Amino acid sequence: MSDFRNYLNQQLKDPAFKAEWDALQPELAIMQAMIDARKQSGLTQKQLSERTGIAQSDISKMENGSANPSVRTLLRLADGLGMHLKIEFVPKGSPNAG
């Protein structure tokens, strides 16, 4: 196990830290999903930018978490990737919850 993972596991024992960590999970999941979809499509950020008309710098900001995309932007990205956007609500406590 990595040093980071060990450190994280220790920090997650603190209820306040865990609450903050859990609150970030939806954003982190979106960021990772965007990166995974782009890589699965075999596209660079520049190529995705050309397909969607979204600036490459904005795609980079969305992927690194310094920008929060709107649903409209996510739809444009999905279209540029040749994919559909799927957003769902799941019950708290379920394995698929944030």
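The values are calculated or read from the model by the stated rules, or taken from the named source; none is laboratory data. Please read all numbers here as calculations on a predicted model, not as lab measurements. In this analysis, Cβ positions are derived from the backbone assuming ideal geometry, glycine residues included, and neighbour counts consider all displayed protein chains. Note: accessible area is taken over every heavy atom of the protein model, side chains too, but ligands, DNA and RNA are not part of it. Shrake-Rupley method; radii C 1.70, N 1.55, O 1.52, S 1.80 Å.
Go through region 64-80 residue by residue and turn each phi into a ³J(HN,Hα) via Karplus (6.51, -1.76, 1.60, θ = phi - 60°); whole Hz please, and just put x for glycine and proline.
Computed from phi, the couplings for region 64-80 are 9, x, 8, 9, 10, x, 7, 4, 4, 5, 4, 5, 4, 5, 4, 4, x Hz.
Counting only protein heavy atoms and a 1.4 Å probe, tell me what percentage of the chain's accessible area is made up of carbon and sulfur. Before the final figure, lay out each step's value.
Working: 3880 of 7280 Å².
Of the solvent-accessible surface of the chain, carbon and sulfur hold 53 percent.
Under the definition of Cα pairs under 8 Å and six or more residues apart, what whole-number percent is the relative contact order of the chain?
On the way: 52 pairs, mean separation 22.4, N = 98.
Relative CO of the chain lands at 23 percent.
Given charges of +1 on the Cβ of Lys and Arg and -1 on the Cβ of Asp and Glu, with all other atoms neutral, how large is the dipole of the chain about its Cα centre, in debye to the nearest 20?
Working: 12 positive and 11 negative charges, 39 e Å.
Charge dipole, the chain, about its Cα centre: 180 debye, nearest 20.
Taking only DSSP H segments of four or more residues, each worth -39500 (n - 2.57), what value at 222 nm results for the chain once the sum is divided by all its residues, to the nearest 500 deg cm²/dmol? Spell out each step's value before the answer.
Values: 5 runs with 62 residues, N = 98.
So the helix-based figure for the chain works out to -20000 deg cm²/dmol.
Can you list the HN-Hα couplings for region 18-26, worked out from phi with the Karplus curve (6.51, -1.76, 1.60; θ = phi - 60°), rounded to whole Hz and with x for Gly and Pro?
For region 18-26, the Karplus curve yields 4, 5, 5, 4, 4, 5, 7, 4, x Hz.
Taking 27 Å as the cut-off for C-alpha to C-alpha distance, list the pairs among LYS13/LYS61; LYS61/LYS92; LYS39/LYS86; LYS39/LYS61; LYS18/LYS46; LYS13/LYS92 that go past it. Could the numbers behind the result be given before it?
Numbers: LYS13/LYS61 31 Å; LYS61/LYS92 29 Å; LYS39/LYS86 18 Å; LYS39/LYS61 16 Å; LYS18/LYS46 36 Å; LYS13/LYS92 20 Å.
In this structure, LYS13/LYS61; LYS61/LYS92; LYS18/LYS46 lie more than 27 Å apart at Cα.
Could you sort SER94, SER66 by accessible area so the largest value comes first, with the probe set to 1.4 Å?
Numbers: SER94 35, SER66 80 Å².
Highest to lowest solvent-accessible surface, that is SER66, SER94.
Can you compute the equivalent ellipsoid semi-axes for the chain, i.e. the square root of 5 times each eigenvalue of the Cα gyration tensor, sorted largest first and rounded to whole Å? Kindly include the intermediate steps, with their values, before the conclusion.
On the way: eigenvalues 168, 51, 29 Å².
Taking √(5λ) for each Cα gyration eigenvalue gives 29, 16, 12 Å.
Ranked highest first by the average count of other Cβ atoms within 10 Å around their residues, in what order do 16-26, 76-86 fall? Display every interim value, and only then the final one.
On the way: 16-26: 11.1, 76-86: 14.5.
By packing density, highest mean first, the sequence is 76-86, 16-26.
Looking at GLY42, TRP21, PRO69, which one has the Cα that reaches farthest to the positive end of the dipole of the chain (charges on Cβ: Lys, Arg +1; Asp, Glu -1)?
So the residue furthest toward the plus end is GLY42.
Could you state the accessible area per residue of the chain in Å², with a 1.4 Å probe and every protein chain left in place? Could the numbers behind the result be given before it?
Working: 7280 Å² over 98 residues.
On a per-residue basis, the chain sits at 74 Å².
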